[in-house]
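Structure first, commentary second.
The values are calculated or read from the model by the stated rules, or taken from the named source; none is laboratory data. Given the structure is predicted, the values throughout are model-derived calculations rather than measurements. Note: ideal-geometry Cβ built from the backbone for every residue, glycine included; neighbour counts use all protein chains shown.
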Amino acid sequence: MKNLKIVLAGLLLSVFTFGSAFANGIDSNPKADELKIEMTDLLKDLDFTNLEASTETVYVNFLINNKKEIVVLSTSEEGLDETIKARLNYKTVKTENISMFKKYTLPVVIK
């Protein structure tokens, strides 16, 4: 019984470790940080009047195509979906050596 508990604890630890690694959004590497800064600049003056008062963070799921353009897949806030897509879709990024066709998630904190 003690061995079973140890095995289960190890299994849970590995699941949480891998799960958190995939849930972190954009990678914490210098190239991903550059991409995050570029996207933040594009969203800087966005109008958030359509946002519900309870929402403070909007998650933007996107990828970079082979032309180095942002393609927004979805957002966590339906009311801002069109606005964010209109602002970001098919804007070219300058960041070099970023993974193409990899799904990224950018948390946008609204202040």
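Scanning the range 82-111 for residues that are assigned to a loop (DSSP other than H, G, I, E, B), closer than 13 Å to Glu38 by Cα and among the β-branched types (Val, Ile, Thr) turns up Val93, Thr95, Ile98.
When the range 81-111 is filtered for residues that are out of contact with any strand residue (DSSP E or B) (no Cβ under 6 Å at 6 or more places or on another chain), at pLDDT below 90 and among the hydrophobic types (A, V, I, L, M, F, W, C), only Ile110 remains.
Residues that are modelled with pLDDT of 90 or more and in contact with a Lys or Arg (Cβ under 7 Å, 6 or more places away or on another chain) within the range 44-72 comprise Asn61, Leu63, Glu69, Ile70, Val72, listed in sequence order.
Considering Asp41, Asp33, the condition of being modelled with pLDDT of 60 or more and surrounded by fewer than 10 Cβ atoms within 10 Å (Cβ to Cβ) is satisfied by Asp41 alone.
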